[in-house]
1. Helix 2-14 against the longest principal axis of the chain: what's the angle in degrees, Cα atoms only, rounded to the nearest 10?
2. Springs between alpha-carbon pairs under 10 angstrom, Gaussian network model over the chain: which of Ala95, Ala22, Ala54 fluctuates most?
3. Fully extended, how many nm does the chain gain between Arg34 and Asp216 (0.36 nm per residue separation, minus their Cα-Cα distance)?
4. With +1 on the Cβ of every Lys and Arg and -1 on the Cβ of every Asp and Glu, and nothing else charged, how large is the dipole of the chain about its Cα centre, in debye rounded to the nearest 20?
5. Which lysines does Lys53 reach when only Cα atoms under 28 Å apart count, and residues fewer than 8 places away in its own chain are ignored?
6. Dipole of segment 151-236, Cα-centred, from +1 at each Lys and Arg C-beta and -1 at each Asp and Glu C-beta, to the nearest 20 debye?
7. Of Leu146, Leu37, Leu188, which is the most mobile in a GNM of the chain whose springs link Cα atoms less than 10 angstrom apart?
8. Before rounding to the nearest 500, sum -39500 (n - 2.57) across all DSSP H runs of length at least 4 in the chain and divide by the residue total; then give [θ] at 222 nm in deg cm²/dmol.
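Values quoted throughout were computed directly from the atomic coordinates according to the rules given, and no laboratory measurement underlies them. What you see is a predicted model; the values in this text were computed from it and never measured. Glycine also receives a Cβ, built like all others from the backbone with ideal geometry; neighbour counts cover every protein chain displayed.
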Amino acid sequence: MAIATDDATAIRAAAGGAEKRAYVRQIFSEIAPRYDLLNHVLSLNIDRGWRRKAIAELGIERNPRGIFLDLCAGTMDVSVALAARDGFAGSVVSADFAEPMLRAGRSKIGGKRIDPITADALQLPLASESVAGAIVAFGIRNVADLDAALREVCRVIEPGGRFVILEFSKPSSSILNAAYQKYFQHVLPMIGGFISGHPTAYRYLPESVAKFPTGDELARRMQSAGFTKVRWRPLTFGVVAIHVGFAEKGSRSERTENNNGLTRVGLDDR
C-alpha cells in the first residue's frame, strides 16, 4: 500500500505545483549517492556525449573568463566538464536545491573554479545580468513552475549570453517512440528502483517527461520568457533535445518583442 501511495504521489508531483517541489527535493536527496551510476547505466553511457554537445552550445569562447551558471546542477557533471574545457578561464556556479546532490559531487571539483550553492531555480541568489551564460541538463522539467524558472534564468544572464537546455524529448518516429515509451514506462522504473533502492523515483521520471513540453512548444515558452533567436535540435533519434536561447538587453517584454523566431536545426544529431 505504501508503494502504491508513493506511485500516486509521483504521478501528482509530475504534474507540477507545490507538491512537485517538495517531492523532487526529497527523491533527489534520497537517490544522490547512486545518481551518477544510475545516469550512466540507464542511458547506456550516452549521457556523457549529450552533455558535451550541450556545453559546446554555450559559446564560452565569447567570454572565457566569465561566470557561468549550471542550473539544477545535481552532482555537477556539467560543471566539471565545463570548467575543464580548453580555453575556459572563468568560473562555474553550480546551483541545486537538493543539497545532498551537490555534496555527492563535491569530490569531482578538485582545483577547478566551481562554486556549489544550494538555491531554487525560481529564486536565484544572483544579481541581474551577472552570468555570461547558463546551462541546465535534465533538470528544467523538475522545476515547480517552468515559465517562472525560464524568466528567472533570463534575468541573470548578461546581454548576448546563451541559455542551453538539455532535456528528454520524444522520438518523432512512431515505431521508435513506441519502443522508447516501453523502456521508459516499464524497464527504466524497474532497473532504476532496484539500483537506487527508491521504489518510486524512477516512476516519476517517465511521468515528468510525458508532461514536459518538447520541441517547438518549449522553444515558444523560452521566447515568452524573454529569450531570442531560440533554436533546438534532437539528439539520438529524438530521445533528448538541446534548446538554445539568447538573452538581450532590456526588460523581458522588450526581449520578447525583439525575438527572431524559432529554428529547429537539422533532423537529428547522434
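1. 20
2. Of Ala95, Ala22, Ala54, the Gaussian network model singles out Ala22 as fluctuating most.
3. In short, 62.2 nm is gained.
4. I would put it at about 420 debye.
5. Lys108, Lys112, Lys170, Lys182, Lys211, Lys229, Lys249
6. The calculated dipole for segment 151-236 is roughly 180 debye.
7. Evaluated over the chain, the most mobile residue of the options is Leu37.
8. Working: 12 runs with 116 residues, N = 270.
My calculation for the chain gives -12500 deg cm²/dmol from helical runs alone.
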